[in-house]
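The values are calculated or read from the model by the stated rules, or taken from the named source; none is laboratory data. All values derive from a computational prediction rather than experimental measurement. Virtual Cβ from ideal backbone geometry, glycine too; neighbours counted across all protein chains shown. We work out accessible area using only protein heavy atoms, side chains counted, and drop any ligands, DNA or RNA first. Shrake-Rupley method; radii C 1.70, N 1.55, O 1.52, S 1.80 Å.
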Amino acid sequence: MDIKITKTTAPKAKPQKGDKLGFGHIFTDHMFIMNYTEGKGWHDARIEPYANISLAPSAMVFHYGQEMFEGLKAYRGADDSIYLFRPDMNAKRANASNERLCIPEIPEDMFVDAVKALVDIDRDWVPSDEGTSLYIRPFVIATDEFLGVAPSKTYLFIVILSPSGAYYESGLAPVGIWIEDDYVRAVKGGMGFAKTGGNYAASLIAQVKAHDAGYSQVLWLDGVERKYIEEVGAMNIMFKINGKVVTPALNGSILPGITRNSIINVCKAWGYEVEERRVSVDELVEAAKNGTLEEVWGTGTAAVVSPVGKLRYMDDVMTIGDGGIGELTQKLYDELTGIQWGKREDPYGWRVLVK
Ligand code: PLP
Ligand code: COI
């Protein structure tokens, strides 16, 4: 892919070592943009200074939400090498979302090359403090100036970068999770498996409710029976029940997380039995009551491996273990981040050098 590069003449001040980065507040000097026009395909790939974009108020994305986004990270290794983690998986999932949303396919190598080229230009922005990384946000928006409900004929594919620390303010401290029994996020046949803004818009009202009650995230139940565990607002969920690792199966209404897939592989390689199946909330409450619910953690690019210390479902508030970080949860966090930051062997071939 030919990428036209225009470098900024006014580089911004970068965060310094030791600065608290938070998640998703700071943006680097450059962004990648590429247009799509029906009949012409993807064209005019370019890297430009990070800046506002101009769109007509009638641009379709503003009205019917035809958009897709992805999330992955770049990590600075000890020798200053910059690595991506399984970017091919994000490229594949982007196209699964694109297909569901009638957005044209982006060739996988184009997606990965765009990410690599942009990260390479802004490589000095990849932070080096423990637990930090460069969050990468590729997205596509529908840009036709038209108010009819139909797939757009023009799009923009954009990639932006954000140096980030922990997703939750609490860092690796266990989070409290609210199992939502009223609102639902997605149903089979809907868009739950796709990464698209509408799913997150649908989640906000319950998130506000959970926050007001002192919980940091919502755990969704299935949209039909409100009985089976699905996933958390920004991560998949896993349980250690009686020595086994249990996680909801990919059923069409939850996001097929890349971290989920990686952790399942690591657990299996370590000899754990892993069950991907339906998990009812009643089973969880029962396991918490009889002491077999040993650990709970979330998995996600932003959230990494995030220990859950407390679950609330209606009148039941369940403290997991002693409310601290579970032993397996900590081991999985160390293994995954060890591979991502180039500190540990990568027997799976997941780490990809940017250049
Ligand atoms: N589920 C939801 C709703 C998410 O937003 C995310 C984050 O991307 C995940 C799960 C985890 O997916 P991944 O591990 O690919 O980041
Ligand atoms: C990610 O983990 O990449 C996500 O997209 C989560 C995001 C919704 C903050």
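Just the residues that are away from ligand 2 (no atom under 16 Å from the Cβ), within 20 Å of the chain's Cα centre (by Cα) and modelled with pLDDT of 95 or more, please, taken from the stretch 180-202.
Passing the criteria: Val184, Gly190.
Sort out which residues of the stretch 262-275 are in contact with a helix residue (DSSP H, G or I) (Cβ under 7 Å, 6 or more places away or on another chain) and either more than 14 Å from ligand 1 (Cβ to nearest atom) or open to solvent by 10 Å² or more (accessible area, probe 1.4 Å) (or both), and write them in order of number.
Passing the criteria: only Val274.
Restricted to the stretch 92-111, and to residues that are within 16 Å of ligand 2 (Cβ to nearest atom) and more than 16 Å from Leu156 (Cα to Cα), which residue is nearest to the chain's Cα centre (by Cα)?
Across the stretch 92-111, the extreme among qualifying residues is Arg93.
Quick one: how many residues across the stretch 203-234 are assigned to a strand (DSSP E or B), touching a residue at least 60 places away in the same chain (Cβ under 8 Å) and within 16 Å of ligand 2 (Cβ to nearest atom)?
3
Among the residues of the stretch 288-320, how many are more than 16 Å from ligand 1 (Cβ to nearest atom) and out of contact with any Pro (no Cβ under 9 Å at 6 or more places or on another chain)?
16
Looking at (1) more than 30 Å from Gly192 (Cβ to Cβ); (2) touching a residue at least 24 places away in the same chain (Cβ under 8 Å); (3) not small (Gly, Ala, Ser), find the lone condition where Gln16 falls short.
(2)
Search the stretch 170-179 for residues being within 16 Å of ligand 2 (Cβ to nearest atom) and buried (at least 22 other Cβ atoms within 10 Å of the Cβ), and hand back the single one that is farthest from Cys102 (Cα to Cα).
Looking at residues that are within 16 Å of ligand 2 (Cβ to nearest atom) and buried (at least 22 other Cβ atoms within 10 Å of the Cβ), I get Val175.
Can you pull out every residue in the stretch 57-80 that is surrounded by fewer than 21 Cβ atoms within 10 Å (Cβ to Cβ), within 14 Å of ligand 1 (Cβ to nearest atom) and not in a strand (DSSP E or B)?
Gly71
Give me a count of the residues in the stretch 215-233 that are open to solvent by 60 Å² or more (accessible area, probe 1.4 Å) and not aliphatic (A, V, I, L, M).
Counting residues in the stretch 215-233 that are open to solvent by 60 Å² or more (accessible area, probe 1.4 Å) and not aliphatic (A, V, I, L, M) gives 3.
Considering each residue of the stretch 161-213, count those that are in contact with a helix residue (DSSP H, G or I) (Cβ under 9 Å, 6 or more places away or on another chain) and aliphatic (A, V, I, L, M), and give that number.
Total meeting the criteria: 8.
Could you grab me the full set of residues in the stretch 235-269 that are assigned to a helix (DSSP H, G or I) and away from ligand 2 (no atom under 15 Å from the Cβ)?
If the condition is that a residue be assigned to a helix (DSSP H, G or I) and away from ligand 2 (no atom under 15 Å from the Cβ), then Ile264, Asn265, Val266, Cys267, Lys268, Ala269 are the ones that fit.
Just the residues that are surrounded by fewer than 19 Cβ atoms within 10 Å (Cβ to Cβ) and under 17 Å from Trp178 (Cβ atoms), please, taken from the stretch 285-309.
Within the stretch 285-309, just Val285 meets the criteria.
Give the residue that is nearest to Leu250 (Cα to Cα), with candidates limited to residues of the stretch 148-197 that are assigned to a loop (DSSP other than H, G, I, E, B), more than 16 Å from ligand 1 (Cβ to nearest atom) and of a type in the set (Gly, Ala, Ser).
Checked the stretch 148-197; the qualifying residue nearest to Leu250 (Cα to Cα) is Gly189.
Name the residue that is modelled with the lowest pLDDT, counting only residues in the stretch 222-248 that are within 14 Å of ligand 1 (Cβ to nearest atom) and among the hydrophobic types (A, V, I, L, M, F, W, C).
Ala234
So which residues in the stretch 30-57 are of a type in the set (D, E, K, R) and either free of Cβ contacts under 8 Å to residues at least 24 places away in the same chain or in contact with a Lys or Arg (Cβ under 6 Å, 6 or more places away or on another chain) (or both), if there are any at all?
Passing the criteria: Glu38, Lys40, Arg46.
Of the conditions (1) more than 16 Å from ligand 1 (Cβ to nearest atom); (2) in a loop (DSSP other than H, G, I, E, B); (3) surrounded by 14 or more Cβ atoms within 10 Å (Cβ to Cβ), Pro347 fails just one. Which one is it?
The failed condition is (3).
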